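I have placed the structure first, in the form of structure tokens, so that the comments after it can refer back to it.
The values are calculated or read from the model by the stated rules, or taken from the named source; none is laboratory data. Keep in mind it's a predicted model, so treat the numbers as computed, not measured. Ideal geometry is used to build each Cβ from the backbone, glycine not excepted, and the neighbour counts take in all protein chains shown.
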Amino acid sequence: MKKPERLVGFVEYEATQFPFEFDESSFSIFLYPPDKKALDGCANPIRFFSSSTKTAQEHEWVQQKRLLGTTSEKYQIVFDIQDSPSNYHGFISFQVNWYLYFRNVDINSVIGFRITGNVVNYFYPPETAIKAEIEFNENGRNVKKIAVNSTEYKKVSCGEYRVSDKIDATIEAAAYASIHYDNALSPIEATSILTMGFSAPVGLDVLLNSYDNTRLFFEYITYRHNVILGDVEVLFLNRQEKKEYGGVLVFPAEFAEESNKKVKQRIIKYSLLTTKAAKLFNAINNNAFEFQSICGSIGETNRYSSSRIIMIFTEFEREYRNIFGQDFGRSDEYLETKQAVVDLIDQYEKSQHGKRRRYANQLKNYVDKRDSSFEANIKKALTDCEPILSGFARKRYEESYPVVVDGIAERMGIIRNGIAHSHIDLYFDAVHLSDIKIIEELIYAMRLKEIGLTDEECQKAINDLFGENFGL
């Protein structure tokens, strides 16, 4: 389903049906008063911008975030709007966050969606939809015949994950070919597509959450924020209990298309992730990642501000706790001693009252949550991921891997503690940038290993994602 060239119709606002027109370029909706009486009412700016202390119930527009209406094609539409309207002499407009344009179906009958775009093509190659055959002349040099055929449309599984309570999402990828009779230069085009299917009909909240997970998935596997997914075709279960792509979910374009020449290679591809892609979706859905250390574009991957370094360190510590836990690598004696100390404090706490009991509880929590230093955690994680990262370390350092690990852990520990304590005399040289790049790759090595990729697959993924150009 495609959105119309011009989006006009009626929406309900403050119990009144307003004619509207949507402007795609500014991603704004303009409401036109239906008559002079409504215009006079809307022209009062106090109605929209009052600073009085009245409750939100008295100003219903404060809580109103979505406009529902009907378009000129007699289709339904939902606009998600920002809080404060603009008022030009009674003509109101809102900035729109997204809108859903759909046929006359139940809005809570969404059972899936599909997306296309360049980043989907990079993830799952569209070439799988085309089979080319070349026939040469008897001399073996000149081409006699070229035939291009489309292959059978076939979906491949990316796995399944729990997107919300009692709702599972099945992820699939596919590619299809289309023909352009009026374009002799490119008569055949292949496109990849990613589809999401829900185990039961859902409403807008689950649809939006699943879309956000999909967008963040592509940000994660490209290590950049400027991912463009395009419009989302929404699959409904119609009133005849049949599936139909009866809606389109549209977001504003936040970024320009990535222009780096190596954009097709700088991604973790389906061939490596396969069904394990769903484990990344699951981690994203459970807020395992912060996404603060990810770059805005490929061009920013080699720029390291102090704020970005902090975010990389923070993401490492977060992933270390997620994957290895608090006391990874500790001896049995340490764990037993720690538990004994916690138990002793707990017994003391129960026998006390007032401030003593509160202080004992604080000390117990401190001991219970006490873990290794940042330096020690770096060392343990690098050692655990040696089969994955040793080749990338050899590319940057001349020493053996154990020596490299000790050096990285010590230097990064100093930098991290210096930043944490606001030391302004920190000195950075080339080796620190090499260290930070290894930490970035370590963050991915830990996660990719945890979801089940082999060491070789992890190496290939990191090599592609960070453009290492390392011979594997």
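What residue, among those in the stretch 396-408 that are surrounded by 14 or more Cβ atoms within 10 Å (Cβ to Cβ) and either in contact with a Ser or Thr (Cβ under 9 Å, 6 or more places away or on another chain) or at pLDDT below 90 (or both), is farthest from Ile436 (Cα to Cα)? Applying the filter and picking the extreme gives Tyr401.
Would the stretch 280-289 turn up any residue that is more than 16 Å from Leu194 (Cβ to Cβ), in a loop (DSSP other than H, G, I, E, B), out of contact with any Asp or Glu (no Cβ under 6 Å at 6 or more places or on another chain) and not polar (S, T, N, Q)? Among the residues of the stretch 280-289, at least one is more than 16 Å from Leu194 (Cβ to Cβ), in a loop (DSSP other than H, G, I, E, B), out of contact with any Asp or Glu (no Cβ under 6 Å at 6 or more places or on another chain) and not polar (S, T, N, Q), which makes the answer yes. Residues in the stretch 269-324 that are touching a Leu at 6+ places or on another chain (Cβ under 8 Å) and on the phi > 0 side of the Ramachandran plot: Phe291 only.
Each row is one residue, and each column tells you yes or no for (1) closer than 29 Å to Phe22 by Cβ; (2) in contact with a strand residue (DSSP E or B) (Cβ under 9 Å, 6 or more places away or on another chain); (3) assigned to a helix (DSSP H, G or I); (4) not basic (Lys, Arg).
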| site | (1), (2), (3), (4) |
| --- | --- |
| Asn213 | yes, yes, yes, yes |
| Gln265 | no, no, no, yes |
| Ile268 | no, no, no, yes |
| Thr274 | no, yes, yes, yes |
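On the basis of being at pLDDT 95 or above and among the basic types (Lys, Arg), does Lys269 make the cut? So Lys269 fits the description; yes.
Kindly provide the set of residues from the stretch 198-228 that are more than 23 Å from Leu272 (Cα to Cα) and of a type in the set (Phe, Trp, Tyr), ordered by number.
Going through the stretch 198-228, the residues more than 23 Å from Leu272 (Cα to Cα) turn out to be 198-209.
Across the stretch 198-228, the qualifying residue is only Phe198.
Applying the criterion of being part of a strand (DSSP E or B), surrounded by fewer than 19 Cβ atoms within 10 Å (Cβ to Cβ) and of a type in the set (Gly, Ala, Ser) to the residues of the stretch 190-208, the residue that is nearest to the chain's Cα centre (by Cα) is Gly197.
Checked against the criterion of being at pLDDT below 85 and either surrounded by fewer than 18 Cβ atoms within 10 Å (Cβ to Cβ) or basic (Lys, Arg) (or both), the stretch 69-78 contains not a single residue that satisfies it. Could you please find all residues in the stretch 290-307 being assigned to a helix (DSSP H, G or I) and closer than 21 Å to Ala256 by Cβ? Listed by number, the residues that qualify are Ile298, Gly299, Glu300. In the set Thr214, Thr191, only one residue is at pLDDT 95 or above and among the β-branched types (Val, Ile, Thr); that residue is Thr214.
Do we find that Glu241 is over 17 Å from the mean Cα position of the chain (by Cα), assigned to a loop (DSSP other than H, G, I, E, B) and under 30 Å from Asp106 (Cβ atoms) in this structure? Before the answer, list the steps.
Working: over 17 Å from the mean Cα position of the chain (by Cα): yes; assigned to a loop (DSSP other than H, G, I, E, B): yes; under 30 Å from Asp106 (Cβ atoms): yes.
Taking the combined requirement at face value, the residue satisfies it.
For the stretch 222-238, filtering for residues that are of a type in the set (S, T, N, Q), assigned to a loop (DSSP other than H, G, I, E, B) and within 25 Å of Lys262 (Cα to Cα) leaves 1. Checking each residue in the stretch 99-123 for being within 17 Å of the chain's Cα centre (by Cα), buried (at least 18 other Cβ atoms within 10 Å of the Cβ) and in a strand (DSSP E or B) picks out Phe113, Ile115.
Restrict the check to the stretch 223-244 and report whether at least one residue is surrounded by 16 or more Cβ atoms within 10 Å (Cβ to Cβ), among the small types (Gly, Ala, Ser), out of contact with any helix residue (DSSP H, G or I) (no Cβ under 7 Å at 6 or more places or on another chain) and closer than 26 Å to Ile77 by Cβ.
To start, the set of residues in the stretch 223-244 that are surrounded by 16 or more Cβ atoms within 10 Å (Cβ to Cβ) comprises 223-229, 231-237.
When the remaining residues are screened for being among the small types (Gly, Ala, Ser), the result is none.
Among the residues of the stretch 223-244, not one is surrounded by 16 or more Cβ atoms within 10 Å (Cβ to Cβ), among the small types (Gly, Ala, Ser), out of contact with any helix residue (DSSP H, G or I) (no Cβ under 7 Å at 6 or more places or on another chain) and closer than 26 Å to Ile77 by Cβ, which makes the answer no.
Does Tyr211 satisfy the criteria of being of a type in the set (Phe, Trp, Tyr) and more than 15 Å from the chain's Cα centre (by Cα)? Judged against the criteria, Tyr211 is not a match. Among (1) in contact with a Lys or Arg (Cβ under 7 Å, 6 or more places away or on another chain); (2) loosely packed, with under 15 Cβ neighbours inside 10 Å, where does Phe255 come up short? Evaluating Phe255 over (1) in contact with a Lys or Arg (Cβ under 7 Å, 6 or more places away or on another chain); (2) loosely packed, with under 15 Cβ neighbours inside 10 Å leaves (1) as the failure.
Based on this model, can you work out whether Met412 counts as buried (at least 18 other Cβ atoms within 10 Å of the Cβ), under 16 Å from Tyr320 (Cα atoms) and modelled with pLDDT under 95? When the stated conditions are applied, Met412 passes them. Contact annotation: residue pairs with Cβ atoms under 9 Å, 6 or more positions apart or on different chains, pairing a residue in the stretch 297-312 that is in contact (Cβ under 8 Å) with a residue 60 or more places away in the chain and under 18 Å from Met412 (Cβ atoms) with a partner that is of a type in the set (Val, Ile, Thr) and surrounded by 16 or more Cβ atoms within 10 Å (Cβ to Cβ), are Tyr304/Ile312; Tyr304/Ile436; Ile309/Ile415; Ile309/Ile436; Ile312/Ile436; Ile312/Ile439; Ile312/Ile443. Scanning the stretch 70-100 for residues that are more than 17 Å from Val206 (Cα to Cα) and hydroxyl-bearing (Ser, Thr, Tyr) turns up Thr70, Thr71, Ser72, Tyr75, Ser84, Ser86, Tyr88, Ser93.
If the requirement is being farther than 26 Å from Met196 by Cβ and touching a Gly at 6+ places or on another chain (Cβ under 9 Å), which of these qualifies: Lys276, Lys243, Lys262?
Values: Lys276 fails: farther than 26 Å from Met196 by Cβ; Lys243 fails: farther than 26 Å from Met196 by Cβ.
Unique residue meeting the criteria: Lys262.
Just to be sure before I move on: is Glu290 surrounded by fewer than 18 Cβ atoms within 10 Å (Cβ to Cβ), closer than 30 Å to Asp106 by Cα, of a type in the set (Asp, Glu) and not assigned by TED's automatic domain parsing to the domain that holds Glu317 in the structure I sent? Full working, then the answer.
Details: surrounded by fewer than 18 Cβ atoms within 10 Å (Cβ to Cβ): yes; closer than 30 Å to Asp106 by Cα: no; of a type in the set (Asp, Glu): yes; not assigned by TED's automatic domain parsing to the domain that holds Glu317: yes.
It is false that Glu290 is surrounded by fewer than 18 Cβ atoms within 10 Å (Cβ to Cβ), closer than 30 Å to Asp106 by Cα, of a type in the set (Asp, Glu) and not assigned by TED's automatic domain parsing to the domain that holds Glu317.
State whether the residues of the stretch 254-269 include one that is under 30 Å from Ser373 (Cα atoms) and within 15 Å of the chain's Cα centre (by Cα). Reasoning before the result, please.
Taking the stretch 254-269 as the starting set, the residues that turn out to be under 30 Å from Ser373 (Cα atoms) are none.
No, the stretch 254-269 contains no residue that is under 30 Å from Ser373 (Cα atoms) and within 15 Å of the chain's Cα centre (by Cα).
Listed by first and then second residue, the pairs with beta-carbon distance under 6 Å, at least 6 apart or on different chains, first residue in the stretch 160-174 and under 14 Å from Leu235 (Cβ atoms), second among the acidic types (Asp, Glu) and modelled with pLDDT of 95 or more, are Thr170/Glu160.
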